[in-house]
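The values are calculated or read from the model by the stated rules, or taken from the named source; none is laboratory data. Note that this is a predicted model, so its numbers are computed, not measured. Cβ coordinates were reconstructed from backbone atoms using ideal geometry, including for glycine residues, and neighbour counts include every protein chain displayed.
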Amino acid sequence: MTSSVRPLSRIYETLPGAYFREAREAYQRAVRNAGISHNVLLRVAGILIQLRFAGDVAQRMILPTLAHLIEDTKDTPQWIFHCWDDASTRSAMPMPTAEMKNDHRRNCLHKVSDRRYVAFYQEWMEVLSFIDREGEAYACYLDASSLPMYERAAPLRQVFNTALNLRGCQIVHAAAVGDNEASLLIAGPPRSGKSTLAVQCLLRGMRYQSDDLCILSHDCPPRSWSLYNVAKIREEGVGPISSELPLEAFTEGEERKYFFHVNTSFPDQILPVAPVKALLIPKITGEPISRLSPATALDGMRALLPYSISEVPTADNSGEKIILKALGHLPVYHLHLGSNSDQTCLMLKDFLRGS
Amino acid sequence: MPIPSDRYYEIVEQDIAHEMIDGEAIIIHFKSGNYYSLNGMAAIVWGWLQAGSTYGEVSEAFEELKTDDVAALRGFVEGLVSEGILRHGTSFDSHARKADLLPLSGHTVFLAPQFDKYNDMQHLLLSDPIHEVDERGWPHAVAGSDQTS
């Protein structure tokens, strides 16, 4: 981890708007130093977002993950996100003072957040984000060239999620696959098999939204959207497919994994949005054959809600309310996950078709 | 101490998320990280209170309440107050009541309402497993907190 050389904020009163403006000034300095490298429009769950990068390092690291959302349109964006890093733009984002960090919960700096402005500080990763709920956000990395896969595979989640919450949507910790008509959310604790299953479904021709994080709305029926076009594979899952995909290795904790961008290898299989047919809770059984059995809404809530809330930095409890409301419209099933992935994927395809 | 029949209750909306799903009320309390399941009679009474019923209207909904029944009903409702899910109302607004969801007098057979309380999600809802990492960084959570991946 790079040690911080950032100056402290010069805001002595904990005024949310003042710290937000300090972020805006730091971004403008970054633009003067390094120019705007990319200025793209993204369609995220129906919201048109302009994403601007000062310098080219941050965009190189995170834009490929969002590339499937880029839209060529003359429409006016509802949001403008600005992104840069200190190192390549030589514009250091001032750090929160001790006073500002007095009420630092779930990555949110509550002392400099209010109904309009939100400030997030992901201290372990040295990421500062500032959101004006009226449609403007700033996100600053310390050194984007050394971003961990946590961020490269799911960038700006706190910024996206704050904008999404205003539209009744929440980023949830779930894999999502489907067909042309509907999606299946697959949610459970780490190592329950959801990410591997999502990639197996992708490789067997199913439509793909996520292996880890996707967007869920509380409509009736709830809808899911693809947000990050990445797929991750554990070391043991690589074998026969490694030569066919542009895999990039990374280490997560002690574990070696691989990832690839789905839209470069399977551009036609990304499912941008779909009504959710059901929530599945996987559990690896060791049996050869997979099967589904009904589960309760409470089971679904336990599988989906806590990990979603803990994975996405948040300023309030909108996420819990959105997820619970969505669960009110979702059938829930246990997915007893067998070892025969061909049979599992066929079963899910049949389930989607309603047979 | 009997509960005044004109007492009504407000849901502490800013502290909880709640949803009625297939006849089960699921409630999450943000500050404690606890969550609750209300089934059967508990869900029915919850629905009445949510619609704006007074305590008197709830108790009169039942055919005949014995002493133990009264204690069970009081324990259930005031238990939800103790958990921070309900609070005693302070400004009764008859227009805010959902008339079609209020109970009919004497039409319901009493079964003691109860709620099930769970705390197994506290570590994820209250702590910050992503932020609270050790010196190696994510995904190495500090001892005692959960790991994410």
Q. Of the residues A:Arg10, A:Arg52, A:Arg6, A:Arg43, which single one is away from chain B (no Cβ under 14 Å), at pLDDT below 95, outside any helix (DSSP H, G or I) and surrounded by 15 or more Cβ atoms within 10 Å (Cβ to Cβ)?
A. A:Arg6
Q. Does segment A:100-116 include one or more residues that are in contact with a Gly (Cβ under 7 Å, 6 or more places away or on another chain) and among the small types (Gly, Ala, Ser)?
A. no
Q: Give me a count of the residues in segment A:122-149 that are assigned to a strand (DSSP E or B) and either out of contact with any helix residue (DSSP H, G or I) (no Cβ under 9 Å at 6 or more places or on another chain) or more than 14 Å from chain B (Cβ to nearest Cβ) (or both).
A: 9
Q) Among the candidates B:Glu57, B:Glu24, which residue alone is more than 10 Å from the chain's Cα centre (by Cα), under 20 Å from A:Gly328 (Cα atoms) and among the acidic types (Asp, Glu)? A) B:Glu24
Q: With the condition kept exactly as written, say whether any residue in segment A:226-243 is within 17 Å of A:Leu337 (Cα to Cα), among the aliphatic types (A, V, I, L, M) and modelled with pLDDT under 95.
A: no
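The rows are residues; the columns are (1) within 14 Å of another protein chain (Cβ to nearest Cβ); (2) touching a helix residue (DSSP H, G or I) at 6+ places or on another chain (Cβ under 6 Å); (3) in a loop (DSSP other than H, G, I, E, B); (4) surrounded by 18 or more Cβ atoms within 10 Å (Cβ to Cβ).
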position: B:Ser32; (1), (2), (3), (4): yes, no, yes, no
position: B:Tyr36; (1), (2), (3), (4): yes, no, no, yes
position: B:Trp46; (1), (2), (3), (4): no, no, no, yes
position: B:Gly56; (1), (2), (3), (4): no, no, no, no
position: B:Ala71; (1), (2), (3), (4): no, no, no, no
position: B:Arg74; (1), (2), (3), (4): no, no, no, no
position: B:Leu80; (1), (2), (3), (4): no, no, no, yes
position: B:His95; (1), (2), (3), (4): no, no, no, no
position: B:Leu104; (1), (2), (3), (4): no, no, yes, no
**Q.** Among residues of segment A:174-218, those that are out of contact with any helix residue (DSSP H, G or I) (no Cβ under 6 Å at 6 or more places or on another chain), away from every other protein chain (no Cβ under 14 Å), under 19 Å from A:Asp342 (Cα atoms) and in a loop (DSSP other than H, G, I, E, B), counted
**A.** 2
Q.
Exactly one of these conditions fails for B:Glu13: (1) under 22 Å from B:Leu126 (Cβ atoms); (2) crowded, with 20+ Cβ neighbours inside 10 Å; (3) among the acidic types (Asp, Glu). Give me its number.
A. (2)
Q.
Given the criterion away from chain B (no Cβ under 14 Å), of a type in the set (Ser, Thr, Tyr) and crowded, with 22+ Cβ neighbours inside 10 Å, identify the matching residue among A:Thr285, A:Thr344.
A. A:Thr344
